[in-house]
Structures are given as C-alpha cells and as structure tokens.
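Presented below is the structure to which this report refers.
What follows is calculated from the coordinates using simple rules that are stated; it is not laboratory data. Keep in mind that what you see is a predicted model, and the values were worked out from it rather than measured. As a convention, Cβ positions derive from the backbone with ideal geometry for all residues, glycine included, and neighbour counts pool all protein chains shown.
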Amino acid sequence: MLSVHFKCNQSRYLAGLLLLLPLLFLWNGVLIPVAQLLVRSVTDNNGQYIGLSNFSSYFADVGLVSALSHSVFVSVIVTLVSVSTAFTLAYGLVRSQLLGKSWLQALIQIPLFVPSIFPCLGLIYLFGGQGIISSYLTDFNLYGPVGVILGGIIFTLPHAVLMLVTTLRGVDVRLYQAASTLGAGAWRQFVTVTLANSIYGIISACFVVFTLTMTDFGIAKVLAGNYSMLATEIYKQVIGQQNFSMGATISLILVIPTCIAFAVDSWARKKQARLANNQIYQTVDKSPVRDWVFTLVCWLPCLLIIAVIGVVVWGSLIAYWPYDFSFTLANYDFDAFGYGWQPYWNSLILASLVAILGTFITFASSYLTTRVDTSIYLSGFMRLLALLPLSIPGTVLGLAYIFAFNRPDSWLNTLQGTFVILAFNSIAHLFSVAYLTFNNTLTRLDANYERVGCSLSVPQWQTVMRVIVPLSKLSILDIFFYLFVNALTTVSAVVFLYGTHTVLASVVILNMDDAGNIAAASAMGTVLLLTALCVKGTHMFLIQLLGKSTRIL
C-alpha cells in the first residue's frame, strides 16, 4: 500500500479525523442497517426476543423452503448457460477476427442500460399469453422457472462477457506463440493455454452470475408467477403480510449463499490476477473457417438479445397489442396512467445525486486509505466496511433501512421517502465497486507526489486537486457514469424506500406491469433506455476528449 506522511501543517490525527467521515457514512449506511436486520430476525413483530424461532418457522414452512430451492435451482441453470455462452462470445471477441467485432461488443452490453424488468417485457411480447412466438409453441408457459431462467440469462450475460473478455485478454500471448512453435494445434492450445489460464476467471464469473440471479427482484417479480423465489418472498412478507420479522429472516437466508459466492469470487479474482500479464492487445491470425463460425455463433445470442430489447421499444409504439399494430405515441402520455413524467424526473434527480455525491465520497475514502498515513486499525476497518456492500443484495439492504431508520429514535426517520434516503441507500449499495476502482487507480500513482508538495510547502489538498485528481480523471469519469446509470435503472435497492413524491421510473415500470399496462411500462422503460444510451455516448465522447488532452499535455 502506498502512503505518505502528513507533514505540511497537517497531522496524523487530522488524517484519522478525516477518515472518520467516510467511516461514519458506512457505519450508518451499511453496518447499522445490517445489525438491525439481525435483531429483527430474532424478535417477533412486537419486538420481543424469540431466539431462532423465526428460522424454525421458516424451515417448517414447505412453501418458504421451496422458494430457497427454486432460487438455487434457477441460479445454477442461469449460471451454466450464461457463463458458457459468455465464454464463447468472449473467446470469439478476443481470439478470432469475427465480423462486426466492435458492434457486437457494444450491442451485447445493452441490457446493462435498462432495469432488469425491461427484458422481461420483451419476453412477454414474444412468449407471453398473446406473444408473437408463443402461438407457434405448444405447452409453453413463460411464467415460472422457464421465464425466470430466460430473463436471468439476458440480464447476466453482459456482466459475464465483460469479465471473461478481461480474463482472456490477460492471457500471455507468448504462451500461444510457444505452443504454436512446439506444434500444438488449435484444440491443444485452447485446452492447455486458454482454459488453463482462464479457469479462475470462469469461476469468478460463475459466482457473479449466480449472485446476480439469486438476488434479483425485478425478473422474479414479473416472470416467476406462482413459482416462489426468495427475492419475491421477502417482498410478499413485508409488503403483503406486514411480517417484518420473517422478511428479515428470509433476507439473512438470502445473504448466506451471496456471502459464500462473494468469498469464492474474491479468491478466484486473486488467483486470476496472478495469471494475468495485463496484455491488452493480442494479434490473432486470420482463419476464414474459424472467423465465420464465430461470427455466426457469437452474433446469434446478440441478435436474440436485440430482438428482446427491440420488441419492447416497438411495443411502446403500438396502439393495442396484439389487435391494433398502428403507430401511436399515446403510451408515452403517462398522465393518462396516473403517473405523469415526474417519476422520470425523479430518477434523473436521484441518479445525479448518487453520481455526484457517490463519486466524491468513494474517491475521498479511497484516497484516505491508500495515500494518507492514518491508523492501521482505522484504515483496515474502513476497507472491511467498504467491501461489505458487495455481499448484501439490494432488496436486503433496502429492507434493512426500514428496520434501521423507520423508528422514532432514528435521526433519519424524518427523511423516510425522500431523495436523501434514496441517495444514501444507493451510494451505500454501489460503494464497493467505486471504492475498489479508485483504489486500483490511486495505488498506481507515484507516492512521491505528496512528498514533493510537502517539501515545497504546498498544502496537501492543493496537491490532490492539482495533481492527483487530474491524473485520476478517467477513473473519476468512469465511476461518475457507472453510478449514474446504475442509480437510474435500479429497482431492488429502492423498492421499499420511495415515497409518494419520490416514486422512480424503474418502480413505475413494475407497477404498470402489475396493473396490466405493459405498453405504458414499455414506454417508460424505453425512455430510460434512451437516456442511459445518451449518457453512455456522452461518457465515451468525454473519454476520447480527455484522452486527447492528455496526449497533448
């Protein structure tokens, strides 16, 4: 770890005091809610301690136990299909010269820019009761495990592809050259070089996909039907039955496989990092047969995803599905559905707050723990709290906020249902990825910048603003847009926390689908998709602009 000593009118004690601020944020934003979740799991709805009775009741209820087995079953199937498909796509992108490679890599990421319920609407248009394709299928029921599996694959595939592309690009090119020199054929190279050096990356992708599927609320809510799953059972217990203690119990049960997946994923990432040589560009010789095969194989799942996303956009412009296919913009008249455009503006407000405040908080937290000489105990505790949100599903964290802050003695009680609590929850939920990204950036910078500034009697905050921030500007930009898009499209993290004046577009899509207004839900989802794509386009433009300015300097 890089560190510099406070020497310019600052002290080690002042650094420790500064570090207490992000610690206080994570203490209130993560640790206290999780602690309250634990407390509620061992008490009844009146607050009386009952020990493990809630857990006994859970495992005595056949329906609730089946929800756990259903969630595990679906997550395993989605993991197997999604990761195997993603590995094929990643291998084609890295180890072949398939046609339209850059377009393929861009289009496969589209599900990242919409709420998880958006692809579910496309599946309904295609395979639902009045779907385009379902009329040609016999005994096909979308609502149940089949629908959740299909939705999970579409939702998780982009995540797995991005991870495995990074893994395959990290394989040392010299290994392929050596294998070729020794006469190893394409299959032998694939087995002894590609697979052998990607195994930990594949394991990591498996557990990430498993966790995403296990904890997602939107897909299960829309497509599970009567097929019970843990994420929806939490919602039913809390919202439907007002059984908060059982909701807390199910939440903790949901956290257990997530924590196991997180631990294995961390181990696999460390192992994979030792195999990677940070090789970004790999030259691959042309092979007409191989390239055409991968063009067909890789573009097929991508086109299927585009079809699922595209039919939602089309459905938002259809007068009355499936009887009147005439063009109309009436579905975008959200006032007619009782919501108006305010939920969309609310989503933009929340996304802006999360992006601005989240970028500042996570950058400051990372700087104080990587480049400032503070107490080893404080910095260690900070890292522990910073990683904790990775293992907590959004639905669980949202429910934990109700237990922690929806009480008369809570200082945040008066802020329930406001943008403050929504932003607080969203930043805490997304904290880990941003913090780790900044850690990687800051630890690569020369440790002498602050020392030189101190020797010239320059206050350290000026060194940070004049040197550290400009050198970290690309990472800052990446995290800003990462937080913005995720806050714009999140469902699970805020489904328990919004108020009558802060209802979000992603939640409205869920409510519209529940009410049977699938066209209006598609229209609201399309607006979010176009917004996210515009944001991504702005991000890419600024990255190129800053890259050019860096080269000029």
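Based on Cβ point charges of +1 for Lys and Arg and -1 for Asp and Glu, what charge dipole magnitude is obtained for the chain about its Cα centre, in debye rounded to the nearest 20?
Charge dipole of the chain: 2040 debye, to the nearest 20.
Stretched out straight at 0.36 nm per residue, the stretch from PHE360 to LEU387 would grow longer than its current Cα-Cα span by 8.0 nm. Normalised by the number of residues in segment 460-541, the average gap of Cα pairs under 8 Å and 6 or more apart makes the relative contact order 31 percent. Taking 0.36 nm per residue of sequence separation and removing the Cα-Cα distance, the TYR49/LEU99 pair yields an extension gain of 11.7 nm. Dipole orientation for the chain: of the candidates ILE133, LEU422, VAL452, VAL452 has the Cα lying most toward the positive pole (charges on Cβ; Lys, Arg +1; Asp, Glu -1). How much FRET efficiency would the formula 1/(1 + (r/R0)^6) give for ILE306 and PHE327, where r is the Cβ-Cβ distance and R0 is 25 Å, rounded to 0.05? With R0 = 25 Å, the Cβ-Cβ based efficiency is 0.75. Farthest towards the positive end of the charge dipole of segment 60-295, among the residues ASN226, TYR91, THR215, is the Cα of TYR91, using unit charges on the Cβ of Lys, Arg, Asp and Glu. Converting phi to 3J(HN,Hα) with the Karplus coefficients 6.51, -1.76 and 1.60 and the offset θ = phi - 60°, segment 518-527 yields 5, 5, 5, 4, 5, 5, 5, x, 5, 4 Hz in sequence order, with x at every glycine or proline.
Distance between the 7 Å Cα→Cβ label points at TYR320 and ILE256: 5.2 nm.
Computed over segment 400-469, the quotient of the alpha carbon radius of gyration and 2.2 N^0.38 Å is 1.72.
Here ALA35 and ALA263 are evaluated by their C-beta separation; at R0 = 30 Å the FRET efficiency comes out at 0.90. Modelled this way, with points 7 Å down the Cα-to-C-beta line, the labels at ALA515 and ARG466 are 5.7 nm from one another.
Positive-end ranking of LEU182, SER492, GLY47 along the dipole of the chain, with charges on Cβ about the Cα centre, is headed by LEU182.
Using R₀ = 35 Å, calculate the FRET efficiency as 1/(1 + (r/R₀)^6) where r is the Cβ-Cβ separation of THR538 and VAL420; round to 0.05.
Plugging the Cβ-Cβ distance into 1/(1 + (r/R0)^6) gives 0.85.
Let a ≥ b ≥ c be the square roots of the eigenvalues of the Cα gyration tensor of segment 1-160; is it rounded (a/c under 1.5), or, if not, prolate (a/b larger than b/c) or oblate? In terms of gyration-tensor shape, oblate.
Taking label points 7 Å from Cα along the Cα-to-Cβ direction, TRP411 and VAL297 give a separation of 5.8 nm. Annotation: the residues MET465, MET382, MET214, sorted from fewest to most other C-beta atoms within 10 Å of their own C-beta, follow the order MET465, MET382, MET214.
For segment 60-295, the Cβ-based charge dipole about the Cα centre amounts to some 780 debye (Lys, Arg positive; Asp, Glu negative; other atoms uncharged). Summarising the amide proton neighbourhood of VAL372: residues at separation of 5 or more, or on other chains, whose placed amide H is nearer than 5 Å comprise VAL4. Along the chain, the exposed loop sites are chymotrypsin sites (Phe, Trp or Tyr not before Pro) outside DSSP states H, G, I, E and B with at most 14 other Cβ atoms within 10 Å, and the longest stretch free of them is 412-553.
Over the residues of the chain, the helix contribution to mean residue ellipticity at 222 nm works out to -22000 deg cm²/dmol, using -39500 (n - 2.57) for each DSSP H run of at least 4. The stretch between ALA447 and GLN242, if pulled fully straight at 0.36 nm per residue, gains 68.4 nm over its current Cα-Cα span.
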